[in-house]
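S.K.: What follows is a structure written as structure tokens; I'll ask about it next.
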Amino acid sequence: MFSFQLVTCLFGILQLVLWLFYRDFESSFSTTAALYRGVIMEAQLCVIFILYALDIVFHVILIVGAHLKRRRLLRVYYYYELTTMVATFIVVVITYVDLDRFPRWNFVVTEFALAFTGFVLQIYLLLLVRSELQKDRYQEGRSSYTNHIAEVFIDPPLRRQWRAIL
């Protein structure tokens with residue numbers, strides 16, 4: 001789970017850095033096509049910048065919450081992921097209601113496959129976070145370790161060799 005989050009966070013940082021270097025700040029209110037969570041949408045650059053910045057912040061919250069075993073941070077990320085998943089699903093439904101405006105079907109199939117892949121990855125991550133929240137260590141509020149090897153056994157021939165050496 002952590003490697004997936006790290007890659008997603010690095011991708012968001014890469015997007016922000018590329019937009020900072022290649023875009024004018026004066027044209028930040030112009031519209032452009034962008035890929036966000038598997039959905040290709042047309043939006044203003046400042047909105048896309050804010051979406052990726054929020055995505056990075058919440059991925060950092062997830063990484064810190066999972067590392068420190070903080071249930072509240074994991075729950076915050078869980079609700080964020082749930083709302084963004086529903087929002088991207090609504091965007092996909094609104095986009096594909098009117099299929100007559102798309103001149104080529106190969107573009108529609110490619111874009112829908114990309115959106116479906118992003119949606120499946122979001123569901124997978126949501127299930128991972130939910131299963132992590134349901135573990136006992138988050139219910140107790142503390143970490144616990146159980147030693148399953150309660151006794152240490154020493155082989156008797158080895159004990160005889162130690163006595164001979166001493």
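S.K.: Would you tally the residues in segment 29-57 being of a type in the set (Asp, Glu) and surrounded by fewer than 15 Cβ atoms within 10 Å (Cβ to Cβ)?
M.R.: So the answer is 1.
S.K.: Go through segment 58-70 and give me each residue that's surrounded by fewer than 18 Cβ atoms within 10 Å (Cβ to Cβ) and more than 11 Å from the chain's Cα centre (by Cα).
M.R.: Hits for segment 58-70 are Val64, His67, Leu68, Lys69, Arg70.
S.K.: Then there's this: Taking the stated definitions as given, is Leu73 assigned to a helix (DSSP H, G or I), free of Cβ contacts under 8 Å to residues at least 40 places away in the same chain, closer than 20 Å to Ile13 by Cα and touching a helix residue (DSSP H, G or I) at 6+ places or on another chain (Cβ under 9 Å)?
M.R.: Working: assigned to a helix (DSSP H, G or I): yes; free of Cβ contacts under 8 Å to residues at least 40 places away in the same chain: yes; closer than 20 Å to Ile13 by Cα: no; touching a helix residue (DSSP H, G or I) at 6+ places or on another chain (Cβ under 9 Å): yes.
No; evaluated as a whole, the condition is false for this residue.
S.K.: Report whether or not Arg159 is modelled with pLDDT under 80, of a type outside the set (S, T, N, Q) and closer than 30 Å to Ala43 by Cα.
M.R.: no
S.K.: Can you confirm whether segment 29-38 contains a residue that is part of a helix (DSSP H, G or I) and either at pLDDT below 75 or of a type in the set (Gly, Ala, Ser) (or both)?
M.R.: No, the conditions are met nowhere in segment 29-38.
S.K.: Looking only at residues that are among the charged types (D, E, K, R) and either assigned to a loop (DSSP other than H, G, I, E, B) or at pLDDT below 85 (or both) in segment 99-140, which one is surrounded by the most Cβ atoms within 10 Å (Cβ to Cβ)? Walk me through how you get there before you give the answer.
M.R.: Step one: filter segment 99-140 for residues among the charged types (D, E, K, R), giving 100-101, 104, 111, 130, 132, 135-137, 140.
Going one step further and asking which of them are either assigned to a loop (DSSP other than H, G, I, E, B) or at pLDDT below 85 (or both), we end up with 100-101, 104, 111, 135-137, 140.
Working: Asp100: 5, Arg101: 7, Arg104: 8, Glu111: 18, Lys135: 11, Asp136: 7, Arg137: 13, Glu140: 9.
Among residues in segment 99-140 that are among the charged types (D, E, K, R) and either assigned to a loop (DSSP other than H, G, I, E, B) or at pLDDT below 85 (or both), the one surrounded by the most Cβ atoms within 10 Å (Cβ to Cβ) is Glu111.
S.K.: Answer yes or no: is there a residue in segment 90-98 that is at pLDDT 85 or above and either of a type in the set (S, T, N, Q) or not in a strand (DSSP E or B) (or both). Steps first, answer last, please.
M.R.: Taking segment 90-98 as the starting set, the residues that turn out to be at pLDDT 85 or above are 90.
Applying the additional criterion that residues be either of a type in the set (S, T, N, Q) or not in a strand (DSSP E or B) (or both) yields 90.
Yes, segment 90-98 has at least one match.
The values are calculated or read from the model by the stated rules, or taken from the named source; none is laboratory data. Since the structure is predicted, the reported quantities are computational estimates derived from the model, not experimental observations. Glycine gets a Cβ as well: all are built from the backbone with ideal geometry, and neighbour counts include every protein chain shown.
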